[in-house]
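Reviewing the structure listed below.
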Amino acid sequence: MKVQEEKYNMFRNRLQKVYRHLSRQAKRSSVSCYRVYDHDLPEFPFCIELYDTHLYVAEYKRRHGMADAEHELWLKKSMGIISEILSVPEKNIFLKLRQRKAGRTGQYQKVGEKKSEFIVEENGLKFLVNLNDYLDTGLFPDHRITRQMAHDESEDKSVLNLFAYTGSFSVYAAAGGAKEVVTVDLSNTYLKWAERNMQLNGFSDPERFHYVRVDVKEYLKELLPGHFDLVIMDPPTFSNSKKMNEFLDIQRDHVALIGFCLRVMKKRGVLFFSTNYSKFILEKEKITASSIKDITSATTPFDFTGRMHRYCFRITK
């Protein structure tokens with residue numbers, strides 16, 4: 001029992017230390033949605049993210065060796081510590097169990113029906129998040145800086161957002177003054193979510209903002225060349241959705257996907273390409289572009305320093 005209490009104290013001290021440090025940076029940056037903790041201690045394999053006044057807590061699946069009752073007690077004690085240190089009531093903590101994988105799989109599995117939605121703000125823009133019904137929340141905090149980069153390059157541009165999920169990049173592009181934003185995803189659920197995010201920020205002009213439910217690979221093949229100024233592509237690491245003609249493997253398919261993007265871009269157009277596959281290797285020699293720049297470090301937010309599991313590139317046609 002004494003050993004277990006020491007472990008709880010270790011967790012409490014670690015969480016208190018990282019939260020004190022990160023909350024100061026968040027306050028300086030006016031950020032209200034950020035990651036606080038990510039498996040910092042092996043005995044407490046949680047991912048903890050703050051969304052304004054709510055917490056998303058994911059317990060990574062592992063062989064913990066505890067009986068069910070023992071695990072429930074451990075979980076209850078851990079939630080109490082998290083609630084105490086982060087000053088968030090337990091009713092505002094949403095707990096999930098998730099697999100630790102190489103990256104987002106593209107299968108955004110629904111796990112509930114409570115529709116626990118609320119609005120958060122990021123850089124003055126509004127987004128709907130749902131911390132209960134899906135394994136992912138609707139807003140990926142690791143791309144906070146990348147979204148701002150896309151915003152800064154969008155004025156008077158035609159923007160294509162591929163594998164768009166809930167359309168956060170589309171919102172930033174529209175806010176940056178894009179003359180056209182095309183949001184593409186295979187999921188009707190997430191396309192509707194993206195449209196609601198756009199409308200939440202006052203972007204509802206059907207002449208400028210379009211939503212396309214389609215397999216991205218097939219869609220890129222059909223588009224006319226040389227139309228878009230800016231393309232954002234953050235594909236899943238792997239997807240075998242029945243809605244797709246063939247499965248997607250990002251390491252195998254990234255050269256072809258990037259090539260399709262470059263084909264539909266104007267000369268000097270920019271592609272932001274990102275992947276969460278931790279073992280990813282960009283095959284630069286197979287990509288015909290005027291510039292390929294690794295911007296992983298430049299797009300790593302303060303709350304992901306030293307714990308980033310994705311890559312990001314700025315590719316110019």
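Rule-based calculations on the coordinates, nothing more; no lab input. None of these values were measured; they are calculated from a predicted model. Methodologically, a virtual Cβ is constructed for each residue, glycine included, from the backbone with ideal geometry; neighbour enumeration extends over all protein chains shown.
Contact order, relative form, for the range 117-316: 18 percent (alpha carbon pairs under 8 Å, 6 or more residues apart, mean separation divided by residue count). The H on the amide N of D40, modeled in the peptide plane, is under 5 Å from the matching H of F46, each at least 5 residues off or on a different chain. Placing +1 on the Cβ of each Lys and Arg and -1 on the Cβ of each Asp and Glu in the range 117-316, which of N201, T183, P236 has its Cα farthest towards the positive end of the resulting dipole? In the range 117-316, that residue is P236.
Taking Cα centre as origin and charging only the Cβ of basic (Lys, Arg, +1) and acidic (Asp, Glu, -1) residues, the dipole magnitude of the chain rounds to 580 debye. For the range 238-315, the tally of Lys pairs with Cα-Cα distances below 27 Å comes to 10, considering only residues 8 or more apart or on different chains. Evaluating kT/(6 pi eta Rh) at 25 °C and 0.890 mPa s, with the Kirkwood radius of the range 165-205 over Cα pairs in the Stokes-Einstein relation, gives 246 µm² s⁻¹.
Along its first, second and third principal axes, ordered by size, the chain spans 67, 39, 35 Å in Cα coordinates. Couplings 3J(HN,Hα) of the range 124-130, computed from phi: x, 9, 10, 9, 7, 10, 9 Hz, in residue order, whole Hz [Karplus 6.51 cos²θ - 1.76 cosθ + 1.60, θ = phi - 60°; x for Gly and Pro]. Rounded to whole numbers, the Karplus 3J(HN,Hα) couplings from phi for the range 140-156 are 8, x, 5, 9, 4, 6, 4, 4, 5, 4, 5, 4, 5, 9, 9, 4, 6 Hz, using 6.51 cos²θ - 1.76 cosθ + 1.60 with θ = phi - 60°, and x at Gly and Pro. The slack in the chain from R196 to L41, taken as 0.36 nm per residue of separation less the alpha-carbon distance, amounts to 52.0 nm. The label point for T189 and the one for I281, both projected 7 Å from the Cα toward the Cβ, are 3.6 nm apart.
Give me the aspartates and glutamates in straight-line cross-link reach of K17: C-alpha distance below 16 Å, same-chain residues under 8 apart excluded. Correct list for K17: D38, D40, E49, E84, D303. Spacing of the modelled spin labels on K126 and Y60, each 7 Å from Cα toward Cβ, amounts to 3.6 nm. The dipole here belongs to the range 59-100: it is taken about the Cα centre, uses +1 on the Cβ of Lys and Arg and -1 on the Cβ of Asp and Glu, and is about 300 debye. When only the Cβ of Lys, Arg, Asp and Glu is charged (+1, +1, -1, -1), the dipole of the range 2-98 relative to its Cα centre reaches about 360 debye.
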